Structures are given as C-alpha cells and as structure tokens.
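Inspection log for the structure reproduced underneath, given as structure tokens.
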C-alpha cells in the first residue's frame, strides 16, 4: 500500500466543494441539527427544550417521511446528527423510512421514546433501527444526558466526514442481520478501495494537498454510489464500501457490484483534480478488491481478508497484468475488457 496521509489532524473541516481550489480550511461547522418526530403525548416540547439546551437546532417533522425528505435536502456533511421519534406516532410504512435513514447516514443517532403500552415493540425497533431508548414521560435532564451520550461518540472520520471504521463495521453487522431475516435473498458486496500512488502526492506536493485530494476523492466517489450503499473510511487512503441489496445469485450480484464500483471509479478518474495555487491538476485513480457475502465469507474478517488480497493483486507491481485503476473480483479471473483497455465491469 502507498504511504498514508495524516488522518485529518489539520484544519480541513469545511464542507466539500466541486473543486479543490475552492476548499478553504478553518470554516466552522454548521450547527448540529436534530429531527423531532414526537407526539404531544410523548412530551414533544420537553424533548425539544432539552435538545436546544444541548446546543442542537431542532427541526420538527410530522412523520418519518418528512424526516427522510429533510435528510435529502442536505449535503451529507450538514445532515441532522440525531433523530428522536416516539413509537406511538409510527405507522407501518415508517419502518421503511427508518431503513432509508440508516442508508442515507449510517452514523446518524436514533433515540426512540417508548410510551406505556409500546414496550413489546420497543426492543425490536431498538435492535433494528435505534441506538437508545427512553421511557415516557421523561425528564428534560434524561433527554439531555442521553443526547449528550449519543453525540459524544465520534462516529465520523474528521477529514472526510465518512463513517469511521467502527460505524462501518456496525453497519455491516446490521445489514448482515437484515439479509438473514429476509431469508438470505440478497448479497452484500464488500469492497476495499485504495487511491493509487497516494504517497507520491504527499511527497511531491504536501500533506495538506494530500488531505484536500482525499476530501475531493471522497466527494466524487460518494456521489456515484447508490443511496443504499455505505461508504466508510478505513484509514489513510483506504475506503470500505458496502453494496447492499444485491441479487442472491452470486454471478448476478458480482456483475452488479462491479458495475457500481466501476462507475464510481470512473467518476473519480474522468476529470483531473484542480489544485490550489495554480498547480497542475492531478489525475487520481483507485484500485479495489471485491468480496461477496455470504458466497465468499460470512464474517467481516473473512470478507476483509479476501477483498484485501484481491486489492493486492491489482496493486502488485510484479503482476504483468497490473494496470491499477481497476476492480479485482476473483483470483485467476479477469474483468471483461473494453477496446481502450479499461475495465467494463459488465
């Protein structure tokens, strides 16, 4: 693997822009937002007041469909960090909206308020969708303490704002459990992506430029994945991508996963990245290794090892077929070739 960049210990905390030259360090973050889908019977005003005391900007939504719409209105960096909902206000289709919220922002924290008479369904919702629960009626001090606990846990990588490795690993376990509950009728694609020759960027330009490249690479890659896919930062210039809801059939799942990964790879590589101070734009590419759950492994460790080994094949300088900027999906197997020599992934 290439040398690693610093992991965001500088001032690059601003929101992503389309060009690197527009990224300005030191821009303060937007106020943290909390979405409230809470009925009056569950103490909506008490909960809202407690969250405001914790410095959160509270947005009232009538239902989870409205909450999902609110998420879609924002760039991932500015999306709400906390969703508070009461079980007495849920309707059947809200479970689907909760799943979508998790897909859109795997590191969002969901606090479930449980009125009397809803205790039995509370454990199921907490297991599948929530991070914590409070019985209602509850005191403002309880809400404040719970919100503080949920939001104090670092869930995002500070440089790229992607879910960090712990959040990504939990997301995998959640998706694996969902696939099992659905009768094993889907496949999860497990991909490890590594930016090519990233150490040279740090060496030739600077670590600061390397950080900017990482942020722009993140923006480009994330914009080309499906809304149901989960992209997290593993460390340095490496990313984990979980491709959820793939067909149960291995060949069909692999075909779709490679198509999605190649689309993202080309989004990254199609246009050179502008650099600050008028430096020559950079061409940045990525190489990836793909493994499939459950066909090629059942645990995180098994899938990570297989994906990593395939990534090494693509990176190996002694591999006569090595070109980098490709997706490897099987030892001894090659992706179909386009006439220009690039991988189609079809």
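What number goes with the only condition from (1) closer than 22 Å to residue 295 by Cβ; (2) in contact with a helix residue (DSSP H, G or I) (Cβ under 8 Å, 6 or more places away or on another chain) that residue 221 does not pass?
(1)
With the structure loaded, tell me whether residue 217 is under 19 Å from the mean Cα position of the chain (by Cα), crowded, with 16+ Cβ neighbours inside 10 Å, closer than 30 Å to residue 98 by Cβ and assigned by TED's automatic domain parsing to the domain that holds residue 305 or whether it fails that test.
no
Being modelled with pLDDT under 90 and assigned to a helix (DSSP H, G or I) is the filter; apply it to the range 270-307 and report the residue that is surrounded by the most Cβ atoms within 10 Å (Cβ to Cβ).
276
What do you reckon, is residue 248 surrounded by fewer than 16 Cβ atoms within 10 Å (Cβ to Cβ) and over 14 Å from the mean Cα position of the chain (by Cα)?
Details: surrounded by fewer than 16 Cβ atoms within 10 Å (Cβ to Cβ): yes; over 14 Å from the mean Cα position of the chain (by Cα): yes.
So residue 248 fits the description; yes.
Which numbered condition in (1) modelled with pLDDT of 75 or more; (2) more than 23 Å from residue 145 (Cα to Cα) is the only one that residue 2 fails?
Only one criterion is unmet by residue 2, namely (1).
So which residues in the range 161-174 are at pLDDT 85 or above, touching a helix residue (DSSP H, G or I) at 6+ places or on another chain (Cβ under 9 Å) and buried (at least 18 other Cβ atoms within 10 Å of the Cβ)?
172
Could you list, in sequence order, all residues of the range 220-236 that are on the phi > 0 side of the Ramachandran plot and either buried (at least 19 other Cβ atoms within 10 Å of the Cβ) or free of Cβ contacts under 8 Å to residues at least 60 places away in the same chain (or both)?
236
Among the candidates 81, 17, single out the residue that is within 23 Å of residue 164 (Cα to Cα) and modelled with pLDDT of 75 or more. Before you say what the answer is, go through the steps one by one.
Numbers: 17 fails: modelled with pLDDT of 75 or more.
On inspection, the qualifying residue turns out to be 81.
For the range 45-72, enumerate the residues that are part of a loop (DSSP other than H, G, I, E, B) and modelled with pLDDT of 75 or more.
54, 55, 56, 61, 62 - these are the residues of the range 45-72 that are part of a loop (DSSP other than H, G, I, E, B) and modelled with pLDDT of 75 or more.
Before we move on, is residue 239 outside any helix (DSSP H, G or I), touching a residue at least 60 places away in the same chain (Cβ under 8 Å) and assigned by TED's automatic domain parsing to the domain that holds residue 313?
Spelling it out, residue 239 is indeed outside any helix (DSSP H, G or I), touching a residue at least 60 places away in the same chain (Cβ under 8 Å) and assigned by TED's automatic domain parsing to the domain that holds residue 313.
Can you name the helices (runs of 4 or more DSSP H) wholly within the range 131-226 that have at least 2 residues being within 30 Å of residue 38 (Cα to Cα)?
Here the list reads 140-152, 165-181.
Out of all the residues in the range 199-212, which are in contact with a helix residue (DSSP H, G or I) (Cβ under 7 Å, 6 or more places away or on another chain) and under 20 Å from residue 315 (Cα atoms)?
Answer for the range 199-212, where residues must be in contact with a helix residue (DSSP H, G or I) (Cβ under 7 Å, 6 or more places away or on another chain) and under 20 Å from residue 315 (Cα atoms): 201, 202, 210.
The values are calculated or read from the model by the stated rules, or taken from the named source; none is laboratory data. From a predicted model like this one, the values you see are computed outputs, not experimental measurements. Here the Cβ is made from the backbone with ideal geometry for all residues, glycine too, and neighbour counts use every protein chain on show.
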